[in-house]
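One structure is given here, and the rest of the page talks about it.
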């Protein structure tokens, strides 16, 4: 495996650029570097999918692949308790990964990343909000045009206070194309 040559210098050159446009221009002038970064990122995504399949279901949302370098797999885990649980599965995961896709894998390094906990809770809240919104929409009752017309006719024959309430109720028709006459 060839050693990386002068990458730190290139990073220094990149950081010395004055504006973001200059930085972008420099990166775009290095197509091989961008292609390598893209391939590494795609490889990590595929590796993450394989690791998630090999983990037990309770661990899956709390763990992700952070990096793979020098034959060492780096996993992020949400907190210390999940880290202990992952340590119990570490040897099985290591041997399964060696058999399936990474025969040169030496070890697995686990580090705690609390951001995973936040991401999981944010995702959970968004899903709960979407489900609640869908439930509200499906459970909401619609006032038909026929019912609205009947309410308006009833309002004509009712006392003032009741008539106003019935007219307001008739105004809640969901189909605004032809509102009832008030």
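Any read-out appearing in this document is the output of simple, stated calculations on the displayed coordinates, not a laboratory observation. Computed from a predicted model, the values in this text were never measured in an experiment. Heads up, the Cβs are rebuilt from the backbone with ideal geometry, glycines too, and the neighbour counts pull from every protein chain shown.
Numbers below:
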read-out: Least to most buried among 88, 68 (fewest other Cβ within 10 Å first); value: 88, 68
read-out: Cα gyration tensor, segment 11-119 - rounded (a/c under 1.5), prolate or oblate; value: prolate
read-out: Ranked 110, 37, criterion: other C-beta atoms within 10 Å, fewest first; value: 37, 110
read-out: Segment residue 130-residue 25, extension gain: residue separation times 0.36 nm, minus the distance between their alpha carbons; value: 33.7 nm
read-out: Among 46-54, 75-83, the order from most to least packed when residues are scored by Cβ within 10 Å on average; value: 75-83, 46-54
read-out: Full-extension gain in nm, residue 46 to residue 149, via 0.36 nm per residue minus C-alpha separation; value: 31.1 nm
read-out: At R0 = 30 Å, FRET efficiency that the Cβ-Cβ distance of residue 39 and residue 122 yields, to 0.05; value: 0.50
